[in-house]
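The structure appears below as structure tokens.
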Amino acid sequence: MLIQLKNITKSFGENTIIREADISIEEGRKYGLIGPNGAGKTTLLKIISGEMEADSGETDRSRSLFAGYLRQDSGLNPGNSIYGEMKSVFTPVLEKLRELEEVGERLKKLEPGSPGYAEISHKYADYQNYVEVHEGYNIDYKIKNVLNGMGFEGRDTGATIKTLSGGEKTRLALAKLLLEEPNLLILDEPTNHLDFKTLSWLEAYLKRYKGAVLLVSHDRYFLDSTVGAIYEIEHMRLNYYPGNYSRYLILKQEKQEREEKEYEAQQEEIAKMEDFVRRNLVRASTSNRAKSRVKALERMERLEAPKKAPRKIRLRFETASEPWREVLKVKEIDVTVGQGSARKTLVPRVSFEMRRGEKVALIGANGVGKTTLLKILIKKAQFYTGRISWGENTKIAYFEQESKDLNPANSVITELWNRYRTKTEYEIRSRLASVGIGGEDVYKKVGVISGGEKAKLKFCILSFQPSNVILMDEPSNHLDLPSKEVLEDALFNYSGTLLFVSHDRYLLNKIATRIIELTDGGIIEYQGNYEAYKEAADKKPPQESRGRGEVKKSEPEPGTYRSRKQRSLDVQKKRELASLEKSISDTEAGIAALEAEISEERVFSDYVLMQEKCAEIEAARALLENLMAEWENFA
């Protein structure tokens, strides 16, 4: 066990953030930490890392604990070069390498058997062993591997850090932390500013990482790929769920249903007992039985009424009258930035079409021109070649990532009301409340609200604007997990045409019917969602296309016919997986039943029986761990 927190409580003034929380981090295991924005995730990370003290509770840290913490605002030395900052991680090993070289030079000057030779020889061997154990001869390789993986391939590593963008600094801070190789890696939103290639590399790196990992992330796809357990902060409490994010969704639903049934059953039992007492306490013949019920009621451990999940935002985009079937035709345009001689072509000769009802995603590396292309389509940016034709009767709405279309000096309610002056105050406030902006928050200045609140304000603006085409640039950025799910449902149910940029692979999987990948050589089109894109791209890396773009379909290629034996094996595997999931569910139910038993007086008053039950619980938990590991291998 690397670290264990018991009954941790943390408050700021009268505001309690975490109450009586327990968390255990074991060596080599990967954990996700989730919860609504403001629930206390970053506070908990700071307590675990030792940066902040809890108000009460116990903290047990292993002597071997070496925690590395990537904050959302991690700083680097701005005067260092990229390579110099990475190399600073290895200062002790580099110093030992220097000493090894000095001792080696001294050893060369001595004859075997001469005075001091044995002592110098032993020192040389010790230094060499230290360098080998700490992989001192692989420093350049390790730095290059991590920098390439984190998106710095081809970059001048001699460039100073102060010249990097905010996103590049975040990636570099993560690269540095990975090189430090702590046995507990604590990551707060590590997927921000990462493109698909870097995300895939980081996922693979964390899967084989030998140390423990605790990460906060709103990227559900990333959580599914990397973690084997989920801690969730909800209503100031910390709940544990074995498995990845998809498994957590199932277990949480089951837990909520189980708690509601247990509470209802207890309330029903209490009502019956109280009714019996009421009717029989004053009757001589039944008074003793009624008094027995009173004592039982006094001893009974009352279950708390299950708390309802925080209310989700409500979101719906109105659809205007239908446009023509051919919504958009783009023919041979160059996506460019800059003016005159400084103009640079990001993506040449882009051609594609969109039909009514399609939901098309634009993807590509950071900086390739996705946002620029959206702005070109709505005439917010210039293009110099080709042609863009919107179909008749198209009514376009646009969601801008950077919020430059919002006035920071306006209050939230004024910003919305200025755009829709015919709406009543009740309608404006109701729409803001539907996305979680209510009470005095409506009078906050737009310039001071969070990124998530700005996104919700922009959703309000769009929701009042009937459209049949929506263009969106990273709409799920800054949203917590429940809000992302609501956004997905709203976009899924939108009957118009959608063109959107996103790095959210869960969103891409659920919404996209076609994917257009932008590259510096042209575009490549893929039919289907993100999984179909990934399968096609992994199977046969496509050649960059010019103009309309090469269309990759997700249908099986010739030669991929599956035999009866192969299909039979697939069926068998599905049965084995179903059986395994039933075993997991049964084991979890068994643990819950045993934990309920040890709270009964007949058990906790009998030391031997209590020991037996505790041993059964430990054995069941060990079995559950093995079953979950087997389940993860299936996934």
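The values are calculated or read from the model by the stated rules, or taken from the named source; none is laboratory data. Predicted, not measured: the structure shown is a model, and the values here were computed from it. Virtual Cβ from ideal backbone geometry, glycine too; neighbours counted across all protein chains shown.
Can you name the helices (runs of 4 or more DSSP H) wholly within the stretch 156-250 that have at least 3 residues being at positive phi, of a type outside the set (Phe, Trp, Tyr) and surrounded by fewer than 22 Cβ atoms within 10 Å (Cβ to Cβ)? Break it down stepwise before answering.
Working: elements: 166-180, 196-207, 220-226.
Correct list: empty, since no element meets the threshold.
Every test in (1) without any contact (Cβ under 8 Å) to a residue 24 or more places away in the chain; (2) farther than 28 Å from residue 511 by Cβ; (3) not hydroxyl-bearing (Ser, Thr, Tyr) is passed by residue 413 save one, and that test is (1). Residue pairs whose Cβ atoms lie under 8 Å apart, sitting 6 or more positions apart in sequence or on different chains, and linking a residue in the stretch 586-606 that is in the same structural domain as residue 621 (by TED's automatic domain parsing) to a partner that is modelled with pLDDT under 75 and in a loop (DSSP other than H, G, I, E, B), are 604/598.
Residue 336: surrounded by fewer than 20 Cβ atoms within 10 Å (Cβ to Cβ) and either outside the structural domain of residue 522 (by TED's automatic domain parsing) or at negative phi (or both), yes or no? Walk me through how you get there before you give the answer.
Numbers: surrounded by fewer than 20 Cβ atoms within 10 Å (Cβ to Cβ): no; either outside the structural domain of residue 522 (by TED's automatic domain parsing) or at negative phi (or both): yes.
Against the criterion (surrounded by fewer than 20 Cβ atoms within 10 Å (Cβ to Cβ) and either outside the structural domain of residue 522 (by TED's automatic domain parsing) or at negative phi (or both)), residue 336 does not qualify.
List the residue pairs whose Cβ atoms are under 7 Å apart, where the first residue sits in the stretch 256-272 and is at pLDDT 90 or above, the second is among the hydrophobic types (A, V, I, L, M, F, W, C) and surrounded by 14 or more Cβ atoms within 10 Å (Cβ to Cβ), and the two are 6 or more positions apart or on different chains. Within 7 Å, the pairs are 262/303; 263/303; 266/303; 270/297. Which of the residues belonging to the stretch 194-214 are over 23 Å from residue 363 (Cβ atoms) and aliphatic (A, V, I, L, M)? Within the stretch 194-214, 212, 213, 214 meet the criteria.
Looking at (1) among the charged types (D, E, K, R); (2) touching a residue at least 24 places away in the same chain (Cβ under 8 Å); (3) not assigned by TED's automatic domain parsing to the domain that holds residue 375, which is the only condition residue 485 fails? Of (1) among the charged types (D, E, K, R); (2) touching a residue at least 24 places away in the same chain (Cβ under 8 Å); (3) not assigned by TED's automatic domain parsing to the domain that holds residue 375, only one is false for residue 485: (3). Is it the case that the stretch 224-236 has a residue that's closer than 27 Å to residue 68 by Cβ, in contact with an Asp or Glu (Cβ under 8 Å, 6 or more places away or on another chain) and in contact (Cβ under 8 Å) with a residue 24 or more places away in the chain? Looking through the stretch 224-236, at least one residue is closer than 27 Å to residue 68 by Cβ, in contact with an Asp or Glu (Cβ under 8 Å, 6 or more places away or on another chain) and in contact (Cβ under 8 Å) with a residue 24 or more places away in the chain. Note on the stretch 395-444: among residues that are of a type in the set (A, V, I, L, M, F, W, C) and part of a helix (DSSP H, G or I), the one that is nearest to residue 379 (Cα to Cα) is 416. Among residues of the stretch 437-474 being hydroxyl-bearing (Ser, Thr, Tyr) and over 23 Å from residue 395 (Cα atoms), the one that is surrounded by the fewest Cβ atoms within 10 Å (Cβ to Cβ) is 443. Filtered by the rule that a residue be surrounded by 13 or more Cβ atoms within 10 Å (Cβ to Cβ) and either under 30 Å from residue 479 (Cβ atoms) or free of Cβ contacts under 8 Å to residues at least 40 places away in the same chain (or both), the stretch 297-311 gives 297, 306, 310.
Between 133, 146, which is loosely packed, with under 12 Cβ neighbours inside 10 Å and either under 30 Å from residue 173 (Cα atoms) or touching a residue at least 12 places away in the same chain (Cβ under 8 Å) (or both)? So that I can check it myself, show each step before the final result.
Numbers: 146 fails: loosely packed, with under 12 Cβ neighbours inside 10 Å.
Exactly one residue qualifies, and that residue is 133.
Quick check: is even one residue across the stretch 199-214 of a type in the set (Lys, Arg) and under 10 Å from the mean Cα position of the chain (by Cα)? Can you show your working first?
Step one: list which residues in the stretch 199-214 are of a type in the set (Lys, Arg), which gives 207-208, 210.
Filter again for under 10 Å from the mean Cα position of the chain (by Cα), leaving none.
Within the stretch 199-214, not a single residue is of a type in the set (Lys, Arg) and under 10 Å from the mean Cα position of the chain (by Cα).
Looking across the stretch 559-590, the residues that are hydrophobic (A, V, I, L, M, F, W, C) and modelled with pLDDT of 70 or more come down to 577, 578, 580, 584, 589. Which one of these does residue 278 not meet: (1) farther than 15 Å from residue 30 by Cβ; (2) in a strand (DSSP E or B)? Residue 278 satisfies every listed condition except (2). Looking across the stretch 514-539, the residues that are more than 23 Å from the chain's Cα centre (by Cα) and of a type in the set (S, T, N, Q) come down to 519, 527.
Do the conditions hold for residue 429, that is, is it surrounded by 13 or more Cβ atoms within 10 Å (Cβ to Cβ) and free of Cβ contacts under 8 Å to residues at least 24 places away in the same chain?
yes
Of the residues that sit in the stretch 73-102 and are buried (at least 17 other Cβ atoms within 10 Å of the Cβ) and touching a Lys or Arg at 6+ places or on another chain (Cβ under 8 Å), which one is nearest to residue 155 (Cα to Cα)? The qualifying residue nearest to residue 155 (Cα to Cα) is 82.
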